[in-house]
Structures are given as C-alpha cells and as structure tokens.
Amino acid sequence: GARAMGMGHAFTGMANDASTIYWNPAGLMNVQRKEFTSMYTNLFYDTRYTYMAAALPRTWLGPHNAIGVGWVHLNMGNFDGRDIDNNPMGFFSVNEQALYISFAHEIVGSWGILNLGASAKWIDMGFGSNARGDVGSAGTLDFGATFRPMNAPLLKIISLRYLMPLQ
C-alpha cells in the first residue's frame, strides 16, 4: 500500500492495516476491523504491479487470533524476442506472482502484549511466450512478531511503563 511504501521499513513495526500480510503478519492483530486493500500501478516498459489483501482480525478462530489472504503480481510484457542472429522470434513476457495466507496470534500478559504471525506463500515465476510457471514455483514461510510492553519491572531497575509508547 501507499502508506507502507511511504514509511519504508518502519511500517514493519507498526503494521495495522490489511497490507500487514506483506510486511509483518503479526500486525494482523493490530487491524481494527475487516479490511480489503488493493493497489495497481503501471510502471515502466509495460510493467504492471498489482496487490490485493484482505484481513479478518479476531475472527471465528477466537478473540486472540486473526487471518489474512493476499496476492501480489508483477508482469513485464511485450518484449521483442530475438535469437542469437538478431532474427525476430515474437514477443515474450516475464511474470511473477505470490499468493499469501497469514495467521496471527496474540499473547497477553502483565508484562505486555506479544503478537506472533506467520505467512505461507506460494510463488510462481514465468518467462516466455505464455509466462506461466515456465521458470518454476516455490513455497515459503515468513514469520513476524510485535511486542508492546506494559507495567512490569525490567531487571528491577526500570519499569516497562516508560517504554509503553514503543512497539
């Protein structure tokens, strides 16, 4: 999303909208209501970027759980293909996309609130005339966490309440 892009990597620590699936899945617990977000942009040389995500905080899975789904797609197309002798071979494109499913869980204690999250991704890359899976596919996992301190002593020296604005 534009907000996250504008904040750079700082958004990772305070993610609180549907785009948190991309930045930090633990942030799903910070989403206040069901959300859907999307972004589309035309970049340079027939390059198109699309992102969609939905966040379902505190769902039927319980008040301390949240889920989300997302899709990101990058397509660069209409490149003029040539062989080694510079003979035309038609047009080709490059395609990359990822499907996300994310889960977050909240742990609340007198010491603070710990949010843990994970995203499972399926990534598909293509190159060629149809650019669908020609290069390969892979699955990955992303993990994230956020912590908000509460009023508890830290090594009996300083109270965490002075750190409460931090996350």
Looking across the stretch 47-68 at residues that are over 29 Å from ASN95 (Cα atoms) and not small (Gly, Ala, Ser), the single one that is surrounded by the most Cβ atoms within 10 Å (Cβ to Cβ) is PRO57
Only one of (1) among the acidic types (Asp, Glu); (2) free of Cβ contacts under 8 Å to residues at least 24 places away in the same chain; (3) closer than 23 Å to ALA145 by Cβ fails for ASP85. Which number is that? (3)
Just name the residue that is nearest to ASN115 (Cα to Cα) out of those in the stretch 41-80 that are touching a Phe, Trp or Tyr at 6+ places or on another chain (Cβ under 7 Å) and free of Cβ contacts under 8 Å to residues at least 12 places away in the same chain. THR41
Out of (1) among the hydrophobic types (A, V, I, L, M, F, W, C); (2) touching a strand residue (DSSP E or B) at 6+ places or on another chain (Cβ under 9 Å); (3) closer than 25 Å to LEU141 by Cβ, what's the single condition that is false for LEU43? (3)
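Given the options LEU99, LEU56, name the one that is touching a Leu at 6+ places or on another chain (Cβ under 9 Å) and of a type in the set (A, V, I, L, M, F, W, C).
Numbers: LEU99 fails: touching a Leu at 6+ places or on another chain (Cβ under 9 Å).
That would be LEU56, the only listed residue that is touching a Leu at 6+ places or on another chain (Cβ under 9 Å) and of a type in the set (A, V, I, L, M, F, W, C).
Select, from SER93, SER110, the only residue that is out of contact with any helix residue (DSSP H, G or I) (no Cβ under 8 Å at 6 or more places or on another chain), at pLDDT below 95, hydroxyl-bearing (Ser, Thr, Tyr) and surrounded by 17 or more Cβ atoms within 10 Å (Cβ to Cβ). Give the derivation first.
Numbers: SER110 fails: surrounded by 17 or more Cβ atoms within 10 Å (Cβ to Cβ).
SER93 is the lone residue from the list that is out of contact with any helix residue (DSSP H, G or I) (no Cβ under 8 Å at 6 or more places or on another chain), at pLDDT below 95, hydroxyl-bearing (Ser, Thr, Tyr) and surrounded by 17 or more Cβ atoms within 10 Å (Cβ to Cβ).
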Kindly list the number of the only condition in (1) open to solvent by 40 Å² or more (accessible area, probe 1.4 Å); (2) not in a loop (DSSP other than H, G, I, E, B) that fails for PHE44. (2)
Mind checking which residues of the stretch 78-88 are modelled with pLDDT of 80 or more and either under 25 Å from the mean Cα position of the chain (by Cα) or in a strand (DSSP E or B) (or both)? PRO88
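For the stretch 22-36, how many residues meet the condition of being under 14 Å from ILE113 (Cβ atoms) and not in a helix (DSSP H, G or I)? Steps first, answer last, please.
First pass over the stretch 22-36, keeping only residues under 14 Å from ILE113 (Cβ atoms): 26-30.
So of that shortlist, the ones also not in a helix (DSSP H, G or I) come out as none.
Result for the stretch 22-36: 0.
The values are calculated or read from the model by the stated rules, or taken from the named source; none is laboratory data. Predicted model, so just to flag it, every value in this text is computed and none were measured. Heads up, the Cβs are rebuilt from the backbone with ideal geometry, glycines too, and the neighbour counts pull from every protein chain shown. SASA here: full protein model, heavy atoms, side chains in, ligands and nucleic acids out. Shrake-Rupley method; radii C 1.70, N 1.55, O 1.52, S 1.80 Å.
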